[in-house]
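Report on the following structure.
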Amino acid sequence: MGGTMEPLRPASTEEIKQLIENYQEKIPEHVQFVLILQNILRINKTIPEHIREELSHRVQKTIYIPTGGNFNQSATFVAISREEDLYIMAHSLESPPYELCNAIRTTKYIKWNLKPVFVIGGAKELQTEIHHKAFEFKHKVHTSDFINYWIPPNEASKLEVVVPNEVQLKPLEKMHGKQINDWWPYRYKTSQSYIESAIQYNGSLGLFDKVSGNLVACVFKNDLDGIAHLYTVPHCSNRGYGSTLVKAMTHLIAHDHKQHVQTFISSNNEKSIRIFEKLGFLPVNNIQWLVMD
């Protein structure tokens with residue numbers, strides 16, 4: 001037989017549940033991997049296939065695990081979205097993560113020519129592996145470092161949501177996706193579809209001006225099942241809207257969705273860090289986004 005053996009295979013539902021359990025034992029420091037896996041399992045299980053196929057390619061992910069080895073011990077996984085919005089989330093409890101590095105190096109499931117975005121933990125070996133592969137395809141890699149913030153469940157349950165008088169708190173609707181995408185400085189070709197899918201299937205909230213009915217602040221749960229895209233229109237800043245939405249979203253995720261609550265924040269975003277720390281969120285680890293061009 002020529003060539004190397006494919007190191008990955010799609011995980012079954014039972015295997016994904018097992019991965020989630022393995023990472024749950026490592027909360028809070030691995031909380032984002034619990035949530036990534038929960039997000040994919042939920043979307044694949046609760047949305048009928050014919051509807052799922054119409055959604056953003058970013059939210060349509062398949063989880064792969066090593067073909068050999070003891071995946072129970074290493075909990076190595078690679079989650080890959082579809083080609084029009086290619087995101088890859090990968091992690092392993094093995095340290096250094098040689099099994100994962102080998103999989104990234106030799107798998108046929110990653111379409112490197114499409115310049116995937118990688119979301120990974122801090123392992124240097126894995127970063128190096130991705131850089132090597134990107135270099136083979138003549139891509140440049142830009143790395144952004146974020147800090148993961150998590151709120152202990154007992155702290156989450158203490159938060160009280162008080163909505164300022166002049167606004168109304170309501171879930172967002174798909175039609176708000178265009179507006180939110182226009183506001184987003186990091187928007188890209190297919191990001192509106194991603195935002196619309198997240199609003200519809202992950203959970204989202206907005207504050208609406210009672211007089212004009214306009215959306216003035218928003219937040220939604222991203223494809224890592226974390227609090228994301230917190231935004232207030234500039235002329236309404238410093239009215240506590242951000243803090244109100246973080247509390248309301250924390251309640252939605254912790255109480256209604258029965259999940260851990262986390263967010264990731266760029267280390268130089270002092271304003272966001274202040275909002276989250278004031279509410280009881282703690283820094284638990286780092287996560288990196290590797291973008292190719």
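Which of rounded, prolate, oblate describes region 1-109, given a ≥ b ≥ c as roots of the alpha-carbon gyration tensor eigenvalues and a/c under 1.5 marking rounded, otherwise prolate only if a/b is larger than b/c?
Verdict is oblate for region 1-109.
Only Cα pairs under 8 Å and at least 6 apart count here; give the relative contact order of region 8-150 as a rounded whole percent.
19 percent
What's the angle, to the nearest 10 degrees (0 to 90), between helix 31-46's Cα axis and the longest principal axis of the chain?
For helix 31-46, the angle is close to 90 degrees.
Give me the net charge of LYS189's neighbourhood, meaning all other residues with Cβ under 10 Å from the Cβ of LYS189; Lys, Arg count +1, Asp, Glu -1.
-1
Which angle between 0 and 90 degrees, to the nearest 10, do you get for helix 241-251 versus the longest principal axis of the chain when only C-alpha atoms count?
Approximately 60 degrees, to the nearest 10.
Distance in nm between label sites at SER157 and GLU84, each 7 Å beyond Cα in the beta-carbon direction?
4.3 nm
Taking the Cα centroid of region 253-290 and of region 205-224, what is the distance between the two, rounded to the nearest whole Å?
19 Å
So how do 57-64, 109-116 stack up, highest first, on mean other-Cβ count within 10 Å?
57-64, 109-116
So what does GLU129 come to for accessible area, using a 1.4 Å probe and Å² rounded to 10?
Ignoring ligands and nucleic acids, GLU129 comes out at about 20 Å².
Scan (1) 5, 21, 25, 16, 7, 5, 5, 5, 5, 4, 1; (2) 6, 28, 35, 22, 7, 1, 0, 0; (3) 5, 13, 19, 18, 17, 15, 9, 4, 1, 0 for the value of P(r) over Cα pairs in 10 Å bins from 0, in percent calculated from this model and give just the label.
(2)
I want to check the label-to-label distance for THR143 and ASN70. Put each point 7 Å from Cα in the C-beta direction and report it in nm to one decimal.
My value for the distance between the label points is 3.1 nm.
Between 0 and 90 degrees, rounded to the nearest ten: what's the tilt of helix 191-201 against the longest Cα principal axis of the chain?
It works out to around 80 degrees.
For a protection proxy built on the mean count of beta-carbon atoms within 10 angstrom, sort 195-201, 32-38 highest first, please.
Ranked from most to least packed, the peptides come out as 32-38, 195-201.
With the chain treated as a Gaussian network of Cα nodes joined by springs under 10 Å, which of THR143, THR46, THR107 yields the largest mean-square fluctuation?
THR46
What's the carbon and sulfur percent of region 199-293's accessible surface, probe 1.4 angstrom, rounded to a whole number?
Whole-percent figure for carbon plus sulfur exposure: 50.
Per residue, how large is the accessible surface of region 163-232? Use a 1.4 angstrom probe and give square angstrom.
46 Å²
Could you sort the peptides 243-249, 11-17, 284-290 by per-residue average Cβ neighbour count (10 Å cutoff), highest mean leading?
243-249, 284-290, 11-17
The values are calculated or read from the model by the stated rules, or taken from the named source; none is laboratory data. Just so we're clear, the structure is a prediction, and the values are computed from it rather than from any experiment. Reconstructed Cβ throughout: ideal geometry from the backbone, glycine too, with neighbour counts over all protein chains shown. Ligands, DNA and RNA are excluded from the accessible area calculation, which covers all protein heavy atoms including side chains. Shrake-Rupley method; radii C 1.70, N 1.55, O 1.52, S 1.80 Å.
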